[in-house]
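Written out below as structure tokens is the structure these notes cover.
The values are calculated or read from the model by the stated rules, or taken from the named source; none is laboratory data. Here the structure is a predicted model, which is why all the values come from computation and not from measurement. Every residue, glycine among them, receives a Cβ derived from its backbone with ideal geometry; neighbour counts consider all protein chains shown.
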Amino acid sequence: MKQRLIFMVALALIALTLAACAQPTAQPAEGLLGEIHSRGKLVVGTSADYPPYESVDASNQFVGFDMDLVREVAKRLGVEAEIKDMAFDALIAAVQEKKVDAVIAAMQASPAREEKVDFSTPYNWQKDGFVVAADSPIVMNKPEDAAGHSIGVQTGTIQEQWVLDHLVPLGTKEDQIFRYERVEQGALDVQNGRIEILFINASPAQEHADKLGLKLALVTSDTVVAGQAIALPQGEAASRLRSTASCLSWRRKVSLTSFAKSMAYHSGKTPK
């Protein structure tokens, strides 16, 4: 009950900030925003295998911080949110091909991705985690200590590219790199001994470690390229939608407080 109260207070802070930065206009919406208003829904892509950001609960409902956040964006636009689950490496293409209006999936707004889509202002700055078996002898003091070990990553992620750019030159072979469409598949492979390390965002890393009896060998920001943001179509047609989504980057004091409390609600842990 206390956690839910904290969560509702956090969402209230988010809503107040979104309301403060909304830009009312007497002009009818055009372009992408006009299409969204006409159909009455914001179609959003995600990869629901990344708790506490996005996942599916026992009732087959999308839950997590990102899910709450994008529903709030839809609310501010005056429409419903329709969420579509898909492979992470298909999300950018889905925006480009107009299969979805936006993507929220704990996605880093990296320079390479910005060549393909636009992003809202980042709403969270994250760390990465290296997950190993509970009895693993691997000791990591820095990310490069993963070199030479079999390592799993999610396909299409910044972590996958980091492995190719930084671990392969240090001796990691191609047949030691395992790519997964869904993160839980990689976590299970750590558990059953098929791979030694799973390299993903730190929050989902801890969630999967707790669920499967694994441990984190290292949590670091050294491998992080950019903050998490909402991906949107490029061009002026989406500028008003981007402006609304960018209101998610409320001032730092509100951001850190509300984000930590909302994440605590979804993970069932007290924020530090």
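Quick notes on this one:
- Count of residues meeting criterion [aromatic (Phe, Trp, Tyr) and free of Cβ contacts under 8 Å to residues at least 40 places away in the same chain] in the stretch 36-74: 1
- Evaluation of Ile83 against (1) among the hydrophobic types (A, V, I, L, M, F, W, C); (2) buried (at least 21 other Cβ atoms within 10 Å of the Cβ); (3) outside any strand (DSSP E or B) (one fails), failing number: (3)
- Residue match in the stretch 152-174 (condition: at negative phi, small (Gly, Ala, Ser) and in contact with a strand residue (DSSP E or B) (Cβ under 9 Å, 6 or more places away or on another chain)): yes
- Members of the stretch 80-125 found to be of a type in the set (Gly, Ala, Ser) and either over 19 Å from Trp162 (Cβ atoms) or out of contact with any Pro (no Cβ under 9 Å at 6 or more places or on another chain) (or both), listed by number: Ala81, Ala87, Ala90, Ala93, Ala94, Ala102, Ala105, Ser110, Ala112, Ser120
- Residue within the stretch 153-168 that is surrounded by fewer than 17 Cβ atoms within 10 Å (Cβ to Cβ), in the same structural domain as Ile195 (by TED's automatic domain parsing) and not in a helix (DSSP H, G or I) present: yes
- Number of the exception - Asp118 against (1) assigned by TED's automatic domain parsing to the domain that holds Asn192; (2) closer than 23 Å to Met86 by Cα: (1)
- On the stretch given as the stretch 114-150, residues that are crowded, with 21+ Cβ neighbours inside 10 Å and of a type in the set (Ser, Thr, Tyr) total 2.
- Condition met for Pro111 (crowded, with 21+ Cβ neighbours inside 10 Å and either under 23 Å from Leu188 (Cβ atoms) or at pLDDT below 95 (or both)): no
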